[in-house]
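Note sheet for the following structure.
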Amino acid sequence: MSHTNELSITRQINAPRNVVWRCWTEAALLKQWYCPKPWQVTQAEIDLRPGGRMNTVLEGPSGEKHDNKGVFLEIVPMERLIFTDAFTEGFIPTHKAFMVGVVCLSEGMAEGTTMQWSARHWSAEDMSKHESMGFHDGWSAAAAQLADLARHTAAEDAE
């Protein structure tokens, strides 16, 4: 189901769904792919439960720093993650909600995974702002980094 103010990408990832799930839900793995290079995730905290934290700190090559605090709203293991920056841990409202992130994983071709990653916004203005910030290029680059990490992790797991 599409949302009016939604931006979304869909990718086929050549790795098992449980490995893609781990890339989303294990802080050490999330830090390796979650923002497009040369940016990096320098901190990640994941408390995988509704109301649990999903906090990241993104740092740019020129010293830029974005502290993102949020919570998980829904977790369906191996299938769906829904998170938002509208609240911090314990459902404490933030000063300005920007989006709700939705990740859906399903069986893909061969032994791969189909990932749909969406950002739902409260307004068309917020959606437009996110798009002009480089949503498609940035999220596509991050998804490619996730795919590379998931393939590498799956190969390591098979050894």
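Taken together, the values in this text are just the output of simple stated rules run on the coordinates, not laboratory data. Bear in mind that the values here come from a model prediction, so they are computed numbers and not experimental data. Reconstructed Cβ throughout: ideal geometry from the backbone, glycine too, with neighbour counts over all protein chains shown.
Based on the Kirkwood radius over alpha-carbon pairs, what value in µm²/s does the Stokes-Einstein equation return for the translational diffusion coefficient of the stretch 1-83 at 37 °C and 0.692 mPa s?
Value of D from the Cα-based Kirkwood radius: 233 µm²/s.
The radius of gyration of the Cα set in the stretch 54-100, together with its Dmax, comes out at 12.4, 38 angstrom. Residues whose amide H falls under 5 Å from that of ARG80, counting only those 5 or more places apart or on a different chain, are LEU105, with hydrogens built in the peptide plane.
Expressed in nm to one decimal, what extension gain is obtained for the pair ALA97 and SER123 from 0.36 nm per residue of sequence separation less their Cα-Cα distance? Walk me through the intermediate numbers first.
Values: separation 26, 0.36 × 26 = 9.36 nm, distance 1.04 nm.
Contour length minus the Cα-Cα distance gives 8.3 nm.
Across every pair of non-identical alpha carbons in the stretch 64-159, the mean reciprocal distance, once inverted, gives a Kirkwood radius of 15.3 Å. Across all directions, the average flat footprint of the convex hull enclosing the Cα atoms of the stretch 1-140 is 8.4 nm².
Across the stretch 31-144, how many lysine pairs, 8 or more positions apart or on different chains, have C-alpha atoms separated by under 18 Å? Please give the number. Can you show the working numbers first?
Working: LYS31/LYS65; LYS31/LYS69; LYS37/LYS65; LYS65/LYS96; LYS69/LYS96; LYS96/LYS129.
Qualifying lysine pairs in the stretch 31-144: 6.
For an R0 of 35 angstrom, estimate the FRET efficiency from the Cβ-Cβ distance between GLU74 and GLU159 and round to the nearest 0.05. Calculated value: 0.55.
Backbone geometry of the stretch 106-118 corresponds, through the Karplus equation with coefficients 6.51, -1.76 and 1.60 at θ = phi - 60°, to 3J(HN,Hα) couplings of 8, 5, x, 5, 6, 9, x, 10, 9, 10, 10, 10, 10 Hz, x marking Gly and Pro.
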